[in-house]
Amino acid sequence: NMVRCMGLGLVISLASLASSQNSTGCQKRLAVVCPGWDTEPTAACLQCVHANIQKLEPNCTLQKAEMKCSDQPPAPVPPKPDPMPLPLPPMPPKAGAPRPHVVMWVVDDLGFANIGFHNPDNVLTPATNKLASAGIILDRHYTFRWCAPTRSALMTGRLPYHVFQSTSHVDRGFNMLPAKLRQVGYRTHQVGKWHLGFYEDWMTPVGRGYETSLGYLGGGEDHYTQQSTEFGCDGVDLYLSTAPAIGRNGTYGAFIYNNEGLRVIEAHNASEPLFLYMALQDMHAPQQVPQRFSALYPPQKFDADYAIMNGMGACADEVLHNVTTAMMNKGMWENTLLIYSSDNGGPAGRLSSGHSGNNFPLRGGKTNFFEGGVRVSAFIGGGLIPQAVRGTTLKGYFHVADWYPTVLTLAGGDPTDNNPGLPPVDGYDMWPYIVGKVSESPRTEIMIGTETFTQKTNPPVTGGWNGALISGDYKLILGIQSYGFWQGPVYPNASTNHAAEKTFDCGDGCLFNIQTDPSEYNNLASTQPDKLQEMRELFIERNKTTFQAPKIPSNPALCGRYRSAHGGFVGPYLS
C-alpha cells in the first residue's frame, strides 16, 4: 500500500531494487525447473516443488521453495460485475411489416461439401435438401474463418472486425438482434451454442435479449457429457436461461437441443411472432455421433473420419426435419422465414478442430481466409419466400451481418443501432434482392477480417496482418494461412495425410478473381500489381475502424469456486 502512494519515479526505483535483490539462486532454479512458478496458482507451484525437490537443491531447500511459492503476488481482482441490462423500451412495429416467425439455424463447422445439395453423390441430408430446393440457395454467403466472430456478426449486424475477432465477449453497448426484436413484440428463444461471452450474467443469451435459453456458453465441449475446458477450469457447460442446467446433461447434445426446440414451438402462442435461434453443436469437434448416423456411410466406401463427420451432419439434418415439421403441424410455417448457414468453412486441416470437414471445390477451410474457410453453405426457406423465387439460387454476395437489418426490417423494427463510440451496423437489408425487386446484391464489398499476424515461432514473431477483403470481383488475402490445399468430393479418405500439410504464406498479399477463379488456383499478385496495391490501400483504409471489447482473462480460482458451488457446472463466475 505504501508503494502505491509514492510517485512514479520512486515506484520504478523500488521495483528495480526489488528485482535485483530477488534474483536469488533459488528463484533462478525455480525458473528452470518450474517455469511459470511466479504466475501460476500457489498450489501448482507447490506441486511442482514437491515433485522436483531434488532438482531444486542445493540452491533451493524445500522450505525456501515453499516460501517462494507462497510469496507470489495475489491474482488481480476482477472488475466489479455489471448489472443485467434492462430491456429496450417497447416501440410499435412499423406499419405494413410482414412480421414473420424467424428461425435462425446454424450448423457448426458444416463444410461447403458436407451437405447434399452441394455434394449429392456422397452426403445424405434429405430434409435439408428438400427445404433448400423449395427455398433459395445462397451461393456466396460469407462468414468469418471461425465460430464466435461469425456469431457476433449475426447478432449485431457488424462485420467481425467491428465487433469480435479475438476477444472474449461482445461489448455490452451493442444491442443484439433478440433485444431489438423484443422491442417490437417478438418472443425470443436461444437453443444450443452461444460462444459470445460467459464471464458475467449480462454476457449470456438472456442477458443479451433472449427470454429463454438452453445451451452451452463456450465454443465446444463433449457431446455426451457436456464437459468443457474453456472457462479457466474444467466443468459441465450447460446453461438454462439464468443458471446451470443441473441434471439436464449426460445426453447427446443434438438430442437435448432437438427437444428444447420442440418444447419452444409447442409452448409458443402462434399469434405472436417468434424468433428462434437454433445453434447446433453438430458438426463441431470432438468427433462424436450415435452409431446409427455414422452407419449411413459404410466402411467399404468411406473412411471412419468421413463417416463420423458426415454422420454428425445427418444428425443435424434430422433435428432440422423435426423442428420444421413441428412448425408446419402448428400452422406456423406459411409465415416463417428460415435462415440456414454454417458458421465457417469445414475444418479440413489438422490444426482446425475436427480436421474432417470438406469444402470441395473450394480451397482451404476453417481457420484460414481462403474461400473454403469463409464461403459457406447457406439457404433460406419457409412460407415467407414468394412462390416466384422459390427453387432459385442467388449468386450475389451475402454476409451473415446482413441478416440483422434484414430481419429487423421484416419485423417492423429499427434496423439501425447507433451508439456513441461504437461502429454502426454494417449489414444491408437483403430482402429487395431476395424477392427480385432489385437484380443485384447491394453488397459489393466484404471486409472479411483483419487481425495482427503472429507467426508460431519460438519466440513468436508479431507483425503485419492476417486478413482478407473482397471488393467487386477481387479478393485480397494477407499473411500466413493455416493451410491452403484443395479437397476432393470424398474427404477425408484413405489417402489423407495430415502430416504432409503446410501453412501457406500470402505475405503482403495474394490476389484472386473469385468470380472467374472461385477455387483460388491463380494468384494474380505478380501479374496485376496495380490491382493488388489498390486492394491493399482499401484494406488499410477499412482497417482504421477496427473495434472489439477488451479481452477478459480467465480466473481459474474463481472458476473453481463457482464450479464447487454449482455441482460441477461452470458459468458466469465473475458475477
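The values are calculated or read from the model by the stated rules, or taken from the named source; none is laboratory data. The structure presented is a predicted model; accordingly, all values stated were derived computationally and were not measured. No Cβ is skipped: glycine too gets one built from the backbone with ideal geometry, and neighbour counts run over all protein chains shown. Surface accessibility is based on the protein's heavy atoms, side chains included, excluding ligands, DNA and RNA. Shrake-Rupley method; radii C 1.70, N 1.55, O 1.52, S 1.80 Å.
Within the range 538-552, restricting attention to residues that are free of Cβ contacts under 8 Å to residues at least 40 places away in the same chain and not hydrophobic (A, V, I, L, M, F, W, C), which residue is surrounded by the most Cβ atoms within 10 Å (Cβ to Cβ)? Top of the filtered list is Glu541.
One line per residue, one yes/no per condition, for (1) closer than 30 Å to Thr496 by Cβ; (2) part of a strand (DSSP E or B); (3) open to solvent by 50 Å² or more (accessible area, probe 1.4 Å):
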{"residue": "Glu260", "(1), (2), (3)": "no, no, no"}
{"residue": "Phe275", "(1), (2), (3)": "no, yes, no"}
{"residue": "Gln281", "(1), (2), (3)": "yes, no, no"}
{"residue": "Gln300", "(1), (2), (3)": "yes, no, yes"}
{"residue": "Cys315", "(1), (2), (3)": "yes, no, no"}
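Among the residues here, Asp108 does not qualify as at pLDDT below 80 and either within 30 Å of Met332 (Cα to Cα) or of a type in the set (Asp, Glu) (or both). The set of residues in the range 272-298 that are of a type outside the set (D, E, K, R) and within 30 Å of Pro98 (Cβ to Cβ) comprises Pro273, Leu274, Phe275, Leu276, Tyr277, Met278, Ala279, Leu280.
Against the condition surrounded by 24 or more Cβ atoms within 10 Å (Cβ to Cβ), under 28 Å from Pro572 (Cα atoms) and touching a residue at least 24 places away in the same chain (Cβ under 8 Å), how does Thr128 come out, does it pass? Before you say what the answer is, go through the steps one by one.
Values: surrounded by 24 or more Cβ atoms within 10 Å (Cβ to Cβ): yes; under 28 Å from Pro572 (Cα atoms): no; touching a residue at least 24 places away in the same chain (Cβ under 8 Å): yes.
In short, no.
In this structure, does Met155 turn out to be surrounded by fewer than 24 Cβ atoms within 10 Å (Cβ to Cβ) and under 18 Å from the mean Cα position of the chain (by Cα)? Spell out the reasoning first.
Numbers: surrounded by fewer than 24 Cβ atoms within 10 Å (Cβ to Cβ): no; under 18 Å from the mean Cα position of the chain (by Cα): yes.
When the stated conditions are applied, Met155 does not pass them.
Take Arg563 and tell me if it is closer than 30 Å to Phe174 by Cα and touching a Leu at 6+ places or on another chain (Cβ under 8 Å). In short, no.
Being at pLDDT 70 or above, open to solvent by 50 Å² or more (accessible area, probe 1.4 Å) and among the acidic types (Asp, Glu): is that true of Glu40 here?
The answer is no for Glu40.
Arg292 meets the conditions (1) in a loop (DSSP other than H, G, I, E, B); (2) over 30 Å from Ala411 (Cα atoms); (3) not polar (S, T, N, Q) in every case but one. The failed one is (1).
In a residue-by-residue description of the range 411-418, the property of being among the hydrophobic types (A, V, I, L, M, F, W, C) and over 19 Å from Pro89 (Cβ atoms) applies to no position. The sole residue among Gly218, Gly232, Gly192 that is surrounded by 24 or more Cβ atoms within 10 Å (Cβ to Cβ) and either part of a helix (DSSP H, G or I) or not aromatic (Phe, Trp, Tyr) (or both) is Gly192. Residue count for the range 245-258 satisfying the condition of being in contact with a strand residue (DSSP E or B) (Cβ under 6 Å, 6 or more places away or on another chain) and buried (at least 24 other Cβ atoms within 10 Å of the Cβ): 1.
Output yes when any residue across the range 238-259 is in contact (Cβ under 8 Å) with a residue 60 or more places away in the chain, of a type in the set (S, T, N, Q) and in contact with a Gly (Cβ under 8 Å, 6 or more places away or on another chain), and no when none is. No, there is no match, as no residue in the range 238-259 is in contact (Cβ under 8 Å) with a residue 60 or more places away in the chain, of a type in the set (S, T, N, Q) and in contact with a Gly (Cβ under 8 Å, 6 or more places away or on another chain). The residues on offer are Pro160, Pro178, Pro149, and the sole one that is closer than 18 Å to Val102 by Cβ and not basic (Lys, Arg) is Pro178.
Taking interchain pairs and intrachain pairs at least six residues apart, which have beta carbon atoms under 9 angstrom, with the first residue in the range 492-511 and within 14 Å of Ser482 (Cβ to Cβ) and open to solvent by less than 90 Å² (accessible area, probe 1.4 Å) and the second hydroxyl-bearing (Ser, Thr, Tyr) and assigned to a loop (DSSP other than H, G, I, E, B)? Taking only residues 6 or more apart or on different chains, the pairs are Glu501/Ser482; Glu501/Tyr483; Thr503/Ser482; Thr503/Tyr483; Phe504/Ser482; Phe504/Tyr483.
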